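First the structure, in the form of structure tokens, and then the observations on it.
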Amino acid sequence: ISNCDPFLGGAKFNEPNHYDPFWFCQPPPNWENIGCIPAGDIRAEVAPSVGLITNVHGDHLSTCSVTLVGPDLVLTAGHCLSDPGGDGKLIARSASVTLDYQVLCDGTKPNAYAARFFKVIDVVSHSYFGSEDYSLLRLRVPPGGTGAVPGQMRHDLPGVGERIFGVHHPNGAVKKLSTPHSGFA
């Protein structure tokens, strides 16, 4: 639905007319291009470690957001790799990740944009049962690395009233920030 094109074939990313409402709490969706975030903002610092995974899922291509959590490890939702075998390995065989699928604030393609893809080579850990919904995946990474610093993971839950934000690829769109940069949730 969302015009997923990580190669950015045109000069500008065309926002889709419709995003699947299943993926946001209430219409309209409350996000903006990550390129609108001012330099030095913590959200701009975190954004390079967020990417898009794409894989064959039955008779179609599927996408989800991932976060780089180690030099060659990404974390995503377990349902993104749900398959009849239940361990994610069947779906993961077709999966690749890109960390640089984003545009400038006005939707135009950055100069010298070239999507880099990293092949998923292993499902390190996977669960999509009950309240557990995660997959930890190993990527084939060249000697120079991914070009992104892994995201720092916390070991506790957000506190009551703590400000939060999300960086993601909703419905396979370019990298977005939720909520827009003027505030936090």
| said: Under a crude label model (7 Å from the Cα following the beta-carbon direction), how far is GLU45 from SER182 in nanometres? | reply: 2.5 nm
| query | What order do you get for 47-60, 4-17 when each peptide is scored by the mean count of other beta carbon atoms within 10 Å, highest first? | reply | 47-60, 4-17
| query | Out of LEU75, GLY161, PRO48, whose Cα points farthest toward the positive end of the dipole of the chain (charges: +1 Lys, Arg; -1 Asp, Glu; placed on Cβ)? | reply | PRO48
| query | Counting only protein heavy atoms and using a 1.4 Å probe, what share of the accessible area of the chain belongs to carbon plus sulfur, as a whole percent? | reply | 58 percent
| said: If the only charges are +1 at each Lys and Arg Cβ and -1 at each Asp and Glu Cβ, what is the size of the charge dipole of the chain around the Cα centre, to the nearest 20 debye? | reply: 400 debye
| message | How many angstrom lie between the Cα centre of the range 159-173 and the Cα centre of the range 16-42? | response | 9 Å
| note | Subtracting the Cα-Cα distance of ASN17 and ASP133 from 0.36 nm times their residue separation yields 38.8 nm
| field | Mean accessible surface per residue for the range 17-152, computed with a 1.4 Å probe while every protein chain stays in place, in Å² | value | 54 Å²
| request: From the C-alpha gyration tensor of the chain, pull out the three semi-axes of the equivalent ellipsoid (sqrt of 5λ each), sorted largest to smallest, in whole Å. | output: 24, 20, 18
| field | Share, in percent, of DSSP beta bridges within the chain that are antiparallel, nearest 5 | value | 95 percent
| query | Within the chain, how many lysine pairs that are 8 or more places apart, or on different chains, have C-alpha atoms less than 19 Å apart? | reply | 6
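The values are calculated or read from the model by the stated rules, or taken from the named source; none is laboratory data. These figures come from a predicted structure and were not determined experimentally. Every residue, glycine among them, receives a Cβ derived from its backbone with ideal geometry; neighbour counts consider all protein chains shown. When the accessible area is computed, the model is the full protein with side chains, heavy atoms only, and any ligands, DNA or RNA have been set aside. Shrake-Rupley method; radii C 1.70, N 1.55, O 1.52, S 1.80 Å.
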